[in-house]
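What follows draws every value from the coordinates through simple rules; no lab data is involved. Computed from a predicted model, the values in this text were never measured in an experiment. Note: ideal-geometry Cβ built from the backbone for every residue, glycine included; neighbour counts use all protein chains shown.
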Amino acid sequence: MAVAQKPNVGSWTEAYPELGTAPISYEDSISPEFFEAERKAIFRRCWLNVGRVEQVPKPGHYFTRELAAANTSIIVVRGKDQKLRAFHNICRHRGNKPVWTDYPGEEDRGTCQQFACKYHGWAWRAAARA
Ligand code: FES
């Protein structure tokens with residue numbers, strides 16, 4: 001990788017006047033539209049490390065992850081067939097969040113036979129049959 005050499009005399013701006021000395025726009029650092037474009041371009045296109053397999057050793061073990069970068073919440077659960085699965089943490093009925101704690105921002109984890117939405121009671125098996 002090429003490294004720019006520091007000017008022998010004077011300042012960088014004297015050595016490179018074509019770069020100017022006017023303020024540089026920071027719009028890309030504060031723009032909600034730019035942030036949303038970054039989410040789509042980067043975090044929805046690559047693998048995200050959300051945890052380790054040791055966190056869900058047995059069927060029915062699960063944990064949640066709030067993925068701010070992807071603007072979503074997920075549930076990772078081990079099925080009876082020993083497969084790991086991840087689901088959006090959102091109810092298929094009316095969009096309530098089925099797995100959560102009383103403390104915003106805290107993740108949940110544990111063991112269960114089924115997830116049940118607290119809004120209208122829809123439920124799903126946590127550990128799919130083998
Ligand atoms: S929103 Fe979950 S059961 Fe209605």
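The table below gives the values:
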item: FRET efficiency, Ala70 to His93 (Cβ-Cβ, R0 22 Å, nearest 0.05); result: 0.45
item: Extension gain, Tyr16 back to Arg109 (0.36 nm per residue minus Cα-Cα distance, nm); result: 27.9 nm
item: Low-density loop positions, chymotrypsin sites (Phe, Trp or Tyr not before Pro), region 1-107 - DSSP coil, at most 11 other Cβ in 10 Å; result: Tyr26, Trp47
item: Residue order, fewest to most surrounding Cβ atoms within 10 angstrom, among Cys46, Cys112; result: Cys46, Cys112
item: Least to most buried among Arg92, Arg45, Arg78 (fewest other Cβ within 10 Å first); result: Arg45, Arg92, Arg78
